[in-house]
Amino acid sequence: MPELNFEIVQAEVPTYAATPMLLFQLRVSNEDAEETIHSIALRCQIQIAVMQRHYSPRAQARLLEVFGEPQRWGETLRSLHWTHVGVVVPQFRGSTLVDLPVPCTYDFDVIGAKYFDALEDGEIPLSFLFSGTVFYSGEQGQLQIGQIPWSKEAFYRLPVSHWHDMMNHYYPNSAWIRMHKDVFDLLYAYKMGHKLLTWDDTLQRLLYTASKEVEP
């Protein structure tokens with residue numbers, strides 16, 4: 001059975017992707033450099049190692065919905081599951097580089113998006129947990145199949161600027177909010193009834209009205 005190791009070399013925001021995406025360059029290496037790896041059906045679970053960075057007061061305030069009050073973070077701060085991805089690694093000997101594309105969402109109902117957006121600077125600590133099936137040549141040249149254990153992992157610190165640059169590229173000066181259809185219908189009726197041109201105008205008017213109602 002091949003002894004495989006994994007390393008995230010770098011990450012970038014692809015220029016021409018149809019949707020928001022981060023591209024991680026993954027190095028896969030085999031300790032037996034002469035052994036032929038025919039292919040790998042690789043699966044990867046990505047977690048956010050939230051305990052491994054500092055949070056500014058502003059970030060703490062924006063993460064209130066995720067982790068609760070900062071004084072309770074000793075109990076509530078735990079690694080967050082981000083996503084699952086997969087890739088097929090082609091034939092190689094020794095080591096190879098392969099792109100690991102990770103689609104991203106700007107849906108603020110998704111905890112990962114809330115977390116990333118709350119950070120202003122620094123790095124996002126990510127843990128990559130690997131599994132999957134490896135196809136390789138046995139001692140007599142026959143095709144062998146083995147499983148990659150979950151103990152295989154890699155760690156990478158993603159610059160926060162990569163996330164913000166990506167979202168600013170696809171959604172410049174914008175954010176997405178998902179709501180129930182009946183709530184949208186009420187909001188749309190309010191927009192039409194007050195002859196408002198944009199959703200920004202609609203929400204600003206509602207916020208202004210609400211603020212006037214709570215004034216003494």
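Can you tell which of ALA61, ALA49, ALA33 is touching a Gly at 6+ places or on another chain (Cβ under 9 Å) and among the hydrophobic types (A, V, I, L, M, F, W, C)?
Working: ALA61 fails: touching a Gly at 6+ places or on another chain (Cβ under 9 Å); ALA49 fails: touching a Gly at 6+ places or on another chain (Cβ under 9 Å).
Exactly one of ALA61, ALA49, ALA33 is touching a Gly at 6+ places or on another chain (Cβ under 9 Å) and among the hydrophobic types (A, V, I, L, M, F, W, C), namely ALA33.
Output the residue which, of all residues in the range 77-94 that are more than 13 Å from the chain's Cα centre (by Cα) and open to solvent by less than 40 Å² (accessible area, probe 1.4 Å), is nearest to ILE37 (Cα to Cα).
Going through the qualifying residues, I end up with PHE92.
Table: residues versus (1) at pLDDT 85 or above; (2) surrounded by 12 or more Cβ atoms within 10 Å (Cβ to Cβ); (3) assigned to a helix (DSSP H, G or I).
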{"site": "GLU139", "(1), (2), (3)": "no, no, no"}
{"site": "SER161", "(1), (2), (3)": "yes, yes, yes"}
{"site": "VAL183", "(1), (2), (3)": "yes, no, yes"}
{"site": "LEU187", "(1), (2), (3)": "yes, yes, yes"}
{"site": "TYR190", "(1), (2), (3)": "yes, yes, yes"}
{"site": "ARG205", "(1), (2), (3)": "yes, yes, yes"}
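Can you name the residue in the range 57-69 that is within 21 Å of ASP109 (Cα to Cα) and of a type outside the set (A, V, I, L, M, F, W, C) and, of all such residues, is surrounded by the most Cβ atoms within 10 Å (Cβ to Cβ)?
Restricting attention to the range 57-69, the residues satisfying the condition of being within 21 Å of ASP109 (Cα to Cα) are 58-69.
Among the residues that remain, those that are also of a type outside the set (A, V, I, L, M, F, W, C) are: 58, 60, 62, 65, 68-69.
Working: ARG58: 11, GLN60: 14, ARG62: 17, GLU65: 10, GLY68: 13, GLU69: 9.
Step by step, filter the range 57-69, then rank; the result is ARG62.
Quick check: is even one residue across the range 106-129 surrounded by fewer than 14 Cβ atoms within 10 Å (Cβ to Cβ) and without any contact (Cβ under 8 Å) to a residue 60 or more places away in the chain?
Kept after step one, since they are surrounded by fewer than 14 Cβ atoms within 10 Å (Cβ to Cβ), are these residues of the range 106-129: 107, 109, 120-121.
Now narrow it down to the ones that are without any contact (Cβ under 8 Å) to a residue 60 or more places away in the chain: 121.
There is at least one residue in the range 106-129 that is surrounded by fewer than 14 Cβ atoms within 10 Å (Cβ to Cβ) and without any contact (Cβ under 8 Å) to a residue 60 or more places away in the chain.
For residues in the range 132-181 being touching a residue at least 60 places away in the same chain (Cβ under 8 Å) and of a type in the set (D, E, K, R), which is nearest to ILE111 (Cα to Cα)?
Filtering the range 132-181 for residues that are touching a residue at least 60 places away in the same chain (Cβ under 8 Å) and of a type in the set (D, E, K, R), the one nearest to ILE111 (Cα to Cα) comes out as ARG178.
Return yes when GLN10 is over 26 Å from MET179 (Cβ atoms), at pLDDT 90 or above and surrounded by 14 or more Cβ atoms within 10 Å (Cβ to Cβ) and no when it is not. Let's see the steps before the verdict.
Working: over 26 Å from MET179 (Cβ atoms): yes; at pLDDT 90 or above: yes; surrounded by 14 or more Cβ atoms within 10 Å (Cβ to Cβ): no.
Answer is no for this residue.
Inspect all residues belonging to the range 149-159 and state whether any of them is assigned to a loop (DSSP other than H, G, I, E, B), touching a Phe, Trp or Tyr at 6+ places or on another chain (Cβ under 8 Å) and surrounded by 10 or more Cβ atoms within 10 Å (Cβ to Cβ). Steps first, answer last, please.
First, pick out the residues of the range 149-159 that are assigned to a loop (DSSP other than H, G, I, E, B): 149-152.
Still in the list and also touching a Phe, Trp or Tyr at 6+ places or on another chain (Cβ under 8 Å): 150, 152.
Subset that is surrounded by 10 or more Cβ atoms within 10 Å (Cβ to Cβ): 150, 152.
Within the range 149-159, one or more residues are assigned to a loop (DSSP other than H, G, I, E, B), touching a Phe, Trp or Tyr at 6+ places or on another chain (Cβ under 8 Å) and surrounded by 10 or more Cβ atoms within 10 Å (Cβ to Cβ).
Write out, first by first residue and then by second, each pair whose Cβ atoms fall under 8 Å of each other, whose residues are 6+ apart or on separate chains, and whose first residue, in the range 43-57, is under 19 Å from PHE130 (Cβ atoms) while the second is assigned to a loop (DSSP other than H, G, I, E, B).
GLN47/SER79; ILE48/SER79; ALA49/SER79
Is it the case that the range 58-72 has a residue that's touching a residue at least 12 places away in the same chain (Cβ under 8 Å) and β-branched (Val, Ile, Thr)?
yes
The values are calculated or read from the model by the stated rules, or taken from the named source; none is laboratory data. In this text the structure is predicted, and so the values were computed from the model without any measurement. For neighbour counting, all protein chains shown are included, and Cβ atoms are generated from backbone atoms with ideal geometry for every residue, glycine included. Ligands, DNA and RNA are stripped out before the accessible areas are found, and what is left, the full protein with its side chains, is counted by its heavy atoms. Shrake-Rupley method; radii C 1.70, N 1.55, O 1.52, S 1.80 Å.
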